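Trainee: Below: one structure in structure tokens.
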């Protein structure tokens, strides 16, 4: 579905007409990301991050497929082939650093994309399915990133695999058989490495598939916008191409500059030196932490240190960590406020920033050693995380008095520029 | 029942059972293979281990700690009332009859599987004098029982038997 005023695809060249009759793929692209998709005229730069995440996925797939050409998925040679890629393969160092830092940049843009959705209420009706599919993509990304990190078979790779699969061991009765099944042995070994390689190659294409569903679901109601007021007429939209292709193109340029700075000047900044030591099953690194993008969740995992009733602390930590993400699947029904955008919700806005601060604290504690005061801080921060979604959001939705909403997207845009021009003229009536 | 409905249900059920049967090997192939299972037992020579010393070896490609306890360590372990422990066990229950000084455990923290410190010379043995896991701070006592930190269980004692006075077969 699209708005009735969307531009129609009318190929002029006979070849394009011939293709359109047989396989209307150019028509699909035109309607999805071309002039045929009308988009609210007031999107700000936070709406760039979906496209940036797509760019990051393409970078990962291209560099990843190339890395796989030089990689040996066997515990005897894996570490060596990665080092060989770095030292001997032409531009191999570039591919590997781009792939490793590309993963971090993928998570950076996806986190910003998620925070955009949280602030502007993009998860609310009628876009719940877009939000749910986005969370599926996020879970797939986490699984892919974890398995990819195991492949170089360094110390952090090995112990990361051991600790993360150990999480499943916390499940009563079936936990240990599941752990053994996942690893194909009693500890990470050749069997684990091989299957992780296979799945690490597969999952990005699954992600690409779910992205198509994500965009499909988005295009049914159309994109949201910073006011959260739905599109009311043709004056509220502009065609995706050339308006947002240009704006996204600028965003991609900025993204690539930042990526290149990291890639060429600090390629190991986000990594761990321990991963340049080959995996040793008999020695755990002194400070074992996951990659930065898992730190908030790792802090929640470690926040549980005492048993509660008959549930062991370890199981509680695992349940809380999974719950912290699964909780987000219920968000569209936890926040019942009919106002979407945080711009018009003063109380929500304050608590949104508190949540951002809380997630940063969790992230910091997740990367810190498991000792006081970090354990206590992460306990408080984890409790607040759950309270935000389960208690605070529903209460705000009930008691908050939102600010008056603009009558339409156009009205808000004109009001903004009237102000910018120094005019005191009232908002033009429609 | 109509003949057509019967055929429909029978055909779909048959295909469903077939799909489940095909799924079994697809899932089971991920379980440990025969060559992994073949490494499931290990012999350890104890003759060189002095009282107070421990060695680190491997069993099922995971670390195995073999320690000869000193009199003092045995006394410390016996002094504790098992009912006050998170995973109540006495030292007797964790060792072979008449060989109380030989403590054989997996070197795998029961929290998330790190290798605890304490088997090597000069390593941190934690506040209870046994093993200490550096990952999340679990402390084990001289009988390798969990005393403090997030780990839920004592260090696992694998199945083993003495083949002579100075050798054991694990697994």
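Trainee: Over the C-alpha atoms of the stretch B:1-83, what are the Rg and the largest Cα-to-Cα span, Dmax, in Å?
Mentor: Cα only, the stretch B:1-83: 27.8, 82 Å (Rg, Dmax).
Trainee: Provide a whole-number value for the mean count of partner chain Cβ atoms within 10 Å of the Cβ atoms in peptide A:91-101.
Mentor: Working: counts 0, 0, 0, 0, 0, 0, 0, 0, 0, 0, 0.
The mean count of partner-chain Cβ atoms within 10 Å per residue comes to 0.
Trainee: Given the stretch A:221-298, report the % of alpha carbon pairs whose separation exceeds 21 Å. Walk me through the intermediate numbers first.
Mentor: Values: 1847 of 3003 pairs.
Within the stretch A:221-298, distances greater than 21 Å cover 62 percent of Cα pairs.
Trainee: Per 5 Å bin, what is the whole-percent P(r) computed from every C-alpha pair distance within the stretch A:52-93?
Mentor: Pairs per bin, as whole percents: 6, 23, 25, 19, 14, 9, 4, 0.
Trainee: Quote to one decimal, in nm, the extra length available between residue A:202 and residue A:323 on full extension: 0.36 nm per residue of separation minus the C-alpha distance between them.
Mentor: 41.0 nm
Trainee: Sorted from largest down, give the three principal axis spans of the alpha carbons of the stretch A:64-131, whole angstrom values.
Mentor: Computed over the Cα atoms, the extents are 52, 21, 15 Å.
Trainee: May I ask you to derive the FRET efficiency for residue B:124 and residue A:215 from their Cβ-Cβ distance with R0 = 35 Å, giving the value to the nearest 0.05?
Mentor: FRET efficiency, residue B:124 to residue A:215: 0.10.
Trainee: Now a separate question. In nanometres, what is the gap between the two model label sites at residue B:7 and residue B:56, each 7 Å from Cα along Cα-to-Cβ?
Mentor: In this crude label model, residue B:7 to residue B:56 measures out at 6.9 nm.
Trainee: Right, next: Give the average, rounded to an integer, of partner chain Cβ atoms located within 10 angstrom of each Cβ in A:159-171. Intermediate results must be reported in sequence, preceding the final value.
Mentor: Values: counts 5, 0, 1, 8, 7, 2, 2, 7, 2, 0, 4, 4, 0.
Per residue, the average neighbour count from other chains is 3.
Trainee: Relative contact order, percent, of the stretch B:1-151 when contacts are C-alpha pairs under 8 Å separated by at least 6 residues? It would help to have the intermediate numbers written out before the result.
Mentor: Working: 211 pairs, mean separation 24.0, N = 151.
It rounds to 16 percent for the stretch B:1-151.
Trainee: A further question on this structure: In a GNM of chain A with a 10 Å cut-off on Cα contacts, which of A:417, A:71, A:243 has the highest mean-square fluctuation?
Mentor: Looking only at A:417, A:71, A:243, the largest GNM fluctuation is found for A:417.
Trainee: Now a separate question. Given only helices, namely DSSP H runs of n ≥ 4 each adding -39500 (n - 2.57), what is the per-residue ellipticity at 222 nm of chain B, to the nearest 500 deg cm²/dmol?
Mentor: Values: 3 runs with 40 residues, N = 171.
Calculated at 222 nm, the ellipticity per residue is -7500 deg cm²/dmol.
Trainee: Once all Cα-Cα distances of the stretch A:1-59 are split into 10 Å bins that start at 0, what whole-number percent is in each one?
Mentor: Going from the shortest bin to the longest, the percentages are 19, 37, 31, 13.
Trainee: If you don't mind, there's one more thing I want to ask. Could the peptides A:303-310, A:176-183, B:43-50 be put in order, highest first, of the mean number of other beta-carbon atoms found within 10 Å of their residues? Write down the numbers at each step before the final one.
Mentor: Working: A:303-310: 14.4, A:176-183: 18.0, B:43-50: 12.8.
Averaged packing, sorted descending, gives the order A:176-183, A:303-310, B:43-50.
Trainee: Return a whole-number percent for the relative contact order of the stretch B:67-171, with Cα pairs under 8 Å and 6 or more residues apart as the contact set. Let's see the in-between values first.
Mentor: Details: 191 pairs, mean separation 24.4, N = 105.
Computed over the stretch B:67-171, the figure is 23 percent.
Trainee: Sticking with this structure for a sec: Taking only the C-alpha atoms, wrap a convex hull around the stretch A:277-430 and report its volume per residue in Å³ as a whole number. Working shown, then result.
Mentor: Numbers: hull volume 29.9 nm³, N = 154.
For the stretch A:277-430, the hull spanned by Cα atoms encloses 194 Å³ per residue.
Trainee: While we're here: Quick one: Debye curve from the alpha-carbon atoms of the stretch A:327-407 only, equal weights, vacuum; give me log10 I(q)/I(0) at q = 0.16 Å⁻¹ to two decimals.
Mentor: Taken in order of the listed q values, log10 I(q)/I(0) reads -0.66.
Trainee: Let me ask you something else. Would you kindly calculate the translational diffusion coefficient of chain A, applying Stokes-Einstein with the Kirkwood radius from alpha carbon pairs, for 37 °C and a viscosity of 0.692 mPa s, and quote it in µm² s⁻¹ without decimals?
Mentor: 136 µm²/s
Trainee: Using the Kirkwood formula over every pair of different C-alpha atoms, what hydrodynamic radius in Å results for the stretch A:119-246?
Mentor: 17.7 Å
Trainee: Once R0 is set to 25 Å, what does the formula 1/(1 + (r/R0)^6) return for the Cβ-Cβ distance between residue A:74 and residue A:282, expressed as a FRET efficiency to the nearest 0.05?
Mentor: 0.80
Trainee: Pick from A:43, A:213, A:23: which is most flexible by mean-square fluctuation in a GNM of chain A where alpha carbon atoms under 10 Å apart are linked?
Mentor: Maximum among the listed residues: A:23.
Trainee: State, to one decimal in nm, how far the label point of residue B:43 lies from the label point of residue B:17, with both points 7 Å from Cα in the Cβ direction.
Mentor: Result for the modelled spin labels: 5.0 nm.
Trainee: When all alpha-carbon pairs of chain B are counted, what percent fall beyond 29 Å?
Mentor: Counting pairs separated by more than 29 Å, the tail of P(r) holds 35 percent.
Trainee: When you have a sec, figure out the Kirkwood radius of the stretch B:87-171 from all distinct Cα pair distances and drop it here in Å to one decimal?
Mentor: 13.2 Å
Trainee: If you average 1/r over all unlike Cα pairs in the stretch A:187-322 and invert the result, what Kirkwood radius do you get in angstrom?
Mentor: Value: 20.8 Å, from the Cα pair sum.
Trainee: Still on this structure, I have one more. Tell me the label-point distance for the pair residue A:269, residue A:419, using the 7 Å Cα-to-Cβ offset, in nm and rounded to one decimal.
Mentor: In this crude label model, residue A:269 to residue A:419 measures out at 3.5 nm.
Trainee: Pairs of alpha-carbon atoms within less than 8 angstrom and 6+ residues apart define the contacts here; what relative contact order does chain A have, in percent?
Mentor: The normalised contact order for chain A reaches 21 percent.
Trainee: So between residue A:10 and residue A:309, what do we pick up on full extension, going 0.36 nm a residue minus the alpha carbon distance?
Mentor: Extending this stretch completely gives an extra 100.9 nm.
Trainee: Oh, and also: Could you tell me, in Å, what Rg and Dmax come out for the Cα atoms of the stretch A:1-148?
Mentor: Answer for the stretch A:1-148, Rg first and Dmax second: 20.5, 61 Å.
Trainee: Next question. Could you work out, residue by residue across A:278-290, how many beta carbons of other chains sit within 10 Å of that residue's beta carbon, and then give the average as an integer? Write down the numbers at each step before the final one.
Mentor: Values: counts 0, 0, 1, 7, 11, 6, 12, 4, 3, 2, 5, 1, 0.
Average neighbour count from other chains, rounded to a whole number: 4.
Trainee: Which of A:56, A:98, A:418 moves most in a GNM of chain A, Cα contacts under 10 Å?
Mentor: A:418
Trainee: On a full-extension model of 0.36 nm per residue, what is the gain between residue A:174 and residue A:354, subtracting their alpha-carbon distance, rounded to one decimal in nm?
Mentor: Gain on extension, residue A:174 to residue A:354, equals 60.9 nm.
Trainee: If R0 is 22 Å, what FRET efficiency do you get for residue A:91 and residue A:143 from their C-beta distance, rounded to 0.05? Don't jump to the answer; show the numbers that get you there.
Mentor: Details: r = 29 Å, r/R0 = 1.30.
That gives a FRET efficiency of 0.15.
Trainee: Using mean Cβ contacts within 10 Å as the protection proxy, how do A:4-13, A:363-372 order, highest first?
Mentor: A:363-372, A:4-13
Trainee: Starting with the highest mean, order A:88-94, A:153-159 by the number of other Cβ atoms within 10 Å, averaged over the residues of each peptide.
Mentor: A:153-159, A:88-94
Trainee: Here's another thing I want to ask about it. Given the rule -39500 (n - 2.57) for each run of at least 4 DSSP H residues, summed and divided by the residues of chain A, what is its mean residue ellipticity at 222 nm, to the nearest 500 deg cm²/dmol?
Mentor: -19500 deg cm²/dmol, from helical runs alone.
Read-outs throughout are calculated quantities, based only on the coordinates presented, and are distinct from any laboratory measurement. Model, not experiment: these values are computed from the prediction. For neighbour counting, all protein chains shown are included, and Cβ atoms are generated from backbone atoms with ideal geometry for every residue, glycine included.
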